[in-house]
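J.: First the structure, which I've put down as structure tokens, then a few questions once you've had a look.
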Amino acid sequence: MPAELRVEPLVAAHLERLLPLIAAYQRFYEVERIDDERNRAFFSRFLAPSEEGMLLGAWRGEELVGYACLYWHHTSLVPADTVLLNDLYVVAGRRGEGIGRALIEAGAAVARGRGAHRLEWVTAPDNEAARRLYDRTGATSEPSIEYELRL
């Protein structure tokens, strides 16, 4: 029987254990050049405590089995603060154990605690496994088209 799952904010002492999960997430999305030093510098800003966002870690015992990265965000339509769940990753051998859902629920709790209007995220249209999970959370998908301007 697997150890009980716990989800908690990640701190500086967890960063080296997190980096391989970040790299795996990036490989999933076909990032061409994964740079641990750049990841270390970038993701350090979200380690607790942070004014920019939060990294949540999902643990089974001493094993880090997933993470979510939350960015403090805003919407001018309401207007209100929101929380963007920018990354959600579960170790391949641990999928189907409720870890992704636990990370989403923890992200929603953080967003509620901040008084945010909503928790929002984006996924690839062909990420069917993730979309099945997201559809079961009560979240709704938007028919928006996402644009990027490379700089």
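J.: Give the residues of region 1-14 that are crowded, with 17+ Cβ neighbours inside 10 Å and not β-branched (Val, Ile, Thr), sorted by residue number.
T.: Leu5, Pro9, Leu10, His14
J.: Can you work out which of the residues in region 90-124 that are part of a helix (DSSP H, G or I), open to solvent by less than 60 Å² (accessible area, probe 1.4 Å) and in contact (Cβ under 8 Å) with a residue 40 or more places away in the chain is nearest to Ala3 (Cα to Cα)?
T.: Within region 90-124, the match that is nearest to Ala3 (Cα to Cα) is Ile99.
J.: Another one. Is it the case that region 13-30 has a residue that's over 15 Å from the mean Cα position of the chain (by Cα), small (Gly, Ala, Ser) and part of a loop (DSSP other than H, G, I, E, B)?
T.: no
J.: Can you tell me which residue within region 31-52, out of those that are more than 29 Å from Arg114 (Cβ to Cβ) and part of a helix (DSSP H, G or I), is least open to solvent (accessible area, probe 1.4 Å)?
T.: The residue in question is Asp36.
J.: Quick one: in region 125-151, which of the residues that are of a type in the set (A, V, I, L, M, F, W, C) and assigned to a loop (DSSP other than H, G, I, E, B) is farthest from Ala48 (Cα to Cα)?
T.: Here the residue is Ile145.
J.: Could you please let me know if Asp87 is under 14 Å from Met54 (Cα atoms), charged (D, E, K, R) and surrounded by 13 or more Cβ atoms within 10 Å (Cβ to Cβ)?
T.: yes
J.: Name the one entry in Ala24, Ala68 that is within 20 Å of Gly96 (Cα to Cα), open to solvent by less than 50 Å² (accessible area, probe 1.4 Å), in contact with a strand residue (DSSP E or B) (Cβ under 7 Å, 6 or more places away or on another chain) and without any contact (Cβ under 8 Å) to a residue 40 or more places away in the chain.
T.: Going through Ala24, Ala68 in turn, the sole match is Ala68.
The values are calculated or read from the model by the stated rules, or taken from the named source; none is laboratory data. Since the model is a prediction, treat every value here as computed from it, not as a measurement. So basically every Cβ, Gly included, is an ideal-geometry build from the backbone, and we count neighbours across all protein chains shown. SASA here: full protein model, heavy atoms, side chains in, ligands and nucleic acids out. Shrake-Rupley method; radii C 1.70, N 1.55, O 1.52, S 1.80 Å.
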